[in-house]
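The values are calculated or read from the model by the stated rules, or taken from the named source; none is laboratory data. Just so it is clear, the model here is predicted, and its values are computed rather than measured. Glycine also receives a Cβ, built like all others from the backbone with ideal geometry; neighbour counts cover every protein chain displayed. Surface areas here come from the heavy atoms of the whole protein model, side chains and all, with no ligands, DNA or RNA. Shrake-Rupley method; radii C 1.70, N 1.55, O 1.52, S 1.80 Å.
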Amino acid sequence: MQIQEPPPRNAQGQALTPFEWIGGEPAVRALVDRFYDLMDLEPAYRELRASHGPTLDSARDKLYWFLCGWLGGPQHYQERFGHPRLRMRHMPFKIGIIERDQWLACMDQAMGDVGVPQDLRQRLNQSFFQTADWMRNTPG
């Protein structure tokens, strides 16, 4: 097991939030855009892409707004929709092990492609796994 370094600190000596560490809103937007671009391009994410319907525009915005707040930045999602209630909002969609694993792989690939720092990437992958696994609503 690799030991994780503590998050970098700002000029006042405070640990950066993941939002600050990743690079703020422009970096979150780049990550989300790459994630959905990969979902559209890569056959390995076929089932995941199929669960999103014909267009990804709304999903792009919602994930961007959500991630900004989840990472410790502006609460764009909550300002628009209230509490995320992730599990409830995802219940209409089939989310099994395949969809979970494809979501995680696609996000990890996107993080690598946009240059998320390795230590932050590891931390986010752990958190993403916990959330994605909790979202499963079908056994397969």
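Data overview
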item	result
Count of residues meeting criterion [more than 11 Å from the chain's Cα centre (by Cα), crowded, with 17+ Cβ neighbours inside 10 Å and either small (Gly, Ala, Ser) or at pLDDT 95 or above (or both)] in the stretch 70-80	2
Selection from the stretch 81-117 of residues that are within 14 Å of residue 31 (Cα to Cα) and either modelled with pLDDT under 90 or assigned to a helix (DSSP H, G or I) (or both)	103, 104, 105, 106, 107, 108, 109, 110, 111, 112, 113, 114
Out of 44, 50, sole residue that is of a type in the set (Gly, Ala, Ser) and open to solvent by 70 Å² or more (accessible area, probe 1.4 Å)	50
Evaluation of residue 99 against (1) surrounded by fewer than 17 Cβ atoms within 10 Å (Cβ to Cβ); (2) among the acidic types (Asp, Glu); (3) over 28 Å from residue 6 (Cβ atoms) (one fails), failing number	(1)
